[in-house]
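This report concerns only the one structure given below.
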Amino acid sequence: MSYSKTEEIVFAQGELISQNYGYSIYDVEFVKEGPHKFLRVYVWSEEGVDLDICEKISRELSDYLDREDLIPDAYFLEVSSPGIERVLKTDKHFEGAIGEEIKVKVIKGQDKEVTGELLSADDMTVTLLSDGEEVKIERKNIAKANVVFKF
């Protein structure tokens, strides 16, 4: 997982801001959707994230971005939690999800999904317990992975 320079700067500044409130930054995305650009910042805490903290971090981050004039084009800033079915992209994301049920969409001609308990993860592979069997998946073959929320 690699971030653009803009995403790296926003991640670092967002982390400084969020730590003042006892939170951390889970992920940052700067994407173009149709004619619009979106800067999405995902805030994380084991205890959850509420609207009030998202608003506080959004205001401080917006002030910083305006001051630094980091992004010359028009964009929408969105600050939220990563959600209960959070996407897993980085080593830290996978390590934090060990013991949880996840769903992995696999690429490289396999075109399948595997769902199971995440047993282990490193920079090369993830290992799931799926239908009573251990399944190892190379990280480079993962199209998307996310936590599965059970109701």
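Quick notes
- Residue list for region 78-94, filter: surrounded by fewer than 16 Cβ atoms within 10 Å (Cβ to Cβ) and either more than 20 Å from residue 146 (Cβ to Cβ) or free of Cβ contacts under 8 Å to residues at least 60 places away in the same chain (or both): 78, 80, 83, 91, 92
- Residue check for residue 65: more than 23 Å from residue 20 (Cβ to Cβ), surrounded by 18 or more Cβ atoms within 10 Å (Cβ to Cβ), of a type in the set (A, V, I, L, M) and at pLDDT 95 or above: no
- Pairs where the first residue, in region 114-131, is under 13 Å from residue 95 (Cα atoms) and free of Cβ contacts under 8 Å to residues at least 12 places away in the same chain and the second is part of a strand (DSSP E or B) and of a type in the set (Lys, Arg), C-beta under 6 Å, 6+ apart: 127/136
- Among the residues of region 132-149, the ones that are more than 19 Å from residue 91 (Cβ to Cβ) and among the acidic types (Asp, Glu) come to 2 in all.
- Test: residue 112 is more than 15 Å from residue 42 (Cβ to Cβ) and either modelled with pLDDT under 95 or touching a helix residue (DSSP H, G or I) at 6+ places or on another chain (Cβ under 8 Å) (or both): yes
The values are calculated or read from the model by the stated rules, or taken from the named source; none is laboratory data. Everything numeric here is computed off the predicted structure, so don't read it as measured data. All Cβ positions, glycine included, derive from the backbone under ideal geometry; neighbour counts span all protein chains shown.
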